[in-house]
Amino acid sequence: MTPFSAAQRSRVTMLDVAERAGVSKASVSRFIGDDRALLSDAIAQRIEQAISELGYRPNQMARGLKRGRTRLIGMLVADIRNPYSIAVMHGVETACRQHGYSLVVCNTDRCDEQERLHLAALRSYNIEGLIVNTLGHHLDQLLELQAEMPLVLVDRKVEPLHSDLVGLDNPAAVRMAVEHLQQQGYRDVLLVSEAVDGTSSRLERLDSFHAEIAQRPALTGKVLELDADLHSHLQTFLEKPGPRAVFCANGVAALACASALKALGCTLFDDMGLIALDDLDWYPLVGNGITALAQPTEAIGASAFDCLLKRLRGDTAPTRRLDFLPQLIIRGSTQLPVGAGLPAIAVYQTKQ
């Protein structure tokens, strides 16, 4: 059998296979499509042998366009370097693969122009559905795509898109964090967050934090957005009396705070407690481990695809919002040293 180069294989057509196998082009089309059962075993075997000998590779994109199905799902993410985005994307891709779809991921890098270009590119790929995890500054394009295909939002609302939304139950997550810190005896809490910048999930966490502090008289709290003065802000917070803790609103804030505290010579975590949303691989390696609220990112990604799949199959139910609860993973960063402060303070109950 004569070996074929990649360039030669790309030039092999369905007609070449049909002529080699001594069958019609329609029979070859049935063999590589969904109608193989219509062929006799003898014809199917001849076609399979011809494909092997010629090194034929079907053009799946062309076949999909002809049938009106590409089995491509698009995903638009704001920052592919963010561990949250990577974990959710993995959940989406795994679910896509299990149902015979392929995932096309576009990273906007938090750039409006990149978002515009990627949306145009995804449209040209004839994707069948779109999963969006951005600020959605190009509403016109998104609304046009939503009119053509199902669209599901992850983590962030985009007004006025009326789409299914999958993400974290942010009020519950903040309540769990504040309640844990209060139970551990901390009395002063600093919430550190990336700039809100119109991100609905960040705004929900900040609003929930203010609400939790307001109904807990034994606690005081303040919000700090990440900026170039983080070191000086943390230094000031370290100098305050009484048991105090930092609550990082995501993994990016946790890394910035852990780095700053180390640079300040803070004894992790004797001088100050720390709890963080997300649970990243490096958390157990810092000091005696960072207490975390782990997001079920795989489940969030899989559920986003599941919502999309239901819509692709004709589901016309009202838009739904799926909020997942985090898991509290307690490590040494929220364990006050003996004699460091008062005993744990009673927890004020909140409505579930």
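A few notes on this one:
- Inter-part distance where segment 292-333 and segment 84-100 are each reduced to a Cα centre, Å: 12 Å
- Of all beta bridges that DSSP places with both ends in the chain, some 10 percent have antiparallel geometry.
- 3J(HN,Hα) from dihedral phi, segment 232-244, Karplus parametrisation 6.51/-1.76/1.60, rounded to Hz, x for glycine, proline: 5, 5, 5, 4, 4, 5, 5, 7, 6, x, x, x, 9
- On the basis of the beta-carbon distance and an R0 of 25 Å, residue 315 and residue 140 show a calculated FRET efficiency of 0.45.
- Placing unit charges on each Cβ (+1 for Lys and Arg, -1 for Asp and Glu) gives the chain a dipole about its Cα centre, and among 102, 304, 142 the Cα reaching farthest toward its positive end belongs to 102.
- Nearest-ten-degree value, helix 251-263 long axis tilted from longest Cα axis of the chain: 50 degrees
- Normalised by the number of residues in the chain, the mean separation of alpha-carbon contacts (under 8 Å, six or more apart) gives a relative contact order of 17 percent.
- Acute angle (nearest 10 degrees) that the helix 170-183 long axis makes with the longest principal axis of the chain, alpha-carbon atoms: 40 degrees
- Three-way shape label, segment 179-327, alpha-carbon gyration tensor, a/c 1.5: prolate
- Helical mean residue ellipticity (222 nm; -39500 (n - 2.57) per DSSP H run of 4+; nearest 500) of the chain: -13000 deg cm²/dmol
- Sum of side-chain charges, residue 149 neighbourhood, beta-carbon under 14 Å (Lys, Arg +1; Asp, Glu -1): +1
- Alpha-carbon centroid distance for the pair segment 216-287 / segment 129-151, whole angstrom: 36 Å
- Coupling constants for segment 294-311 follow from the phi torsions by the Karplus curve (6.51 cos²θ - 1.76 cosθ + 1.60, θ = phi - 60°), and in residue order they are 7, 7, x, 4, 4, 5, 4, x, 5, 5, 4, 5, 4, 4, 5, 4, 4, 5 Hz; glycine and proline get x.
- Using alpha-carbon coordinates, inclination of helix 112-124 to the longest axis of the chain, degrees: 30 degrees
- Long-range amide H partners of residue 322 with built H, under 5 Å: 165, 166, 167
- In the chain, Rg over Rh equals 1.14, where Rg is the alpha-carbon radius of gyration and Rh the Kirkwood radius from pairwise Cα distances.
Since every read-out is calculated from the coordinates, none of them should be taken as a lab result. Since we're looking at a predicted model, the values are computed, not measured. Because the Cβ atoms are built from the backbone with ideal geometry, glycine has one as well, and the counts that use them run over all protein chains shown.
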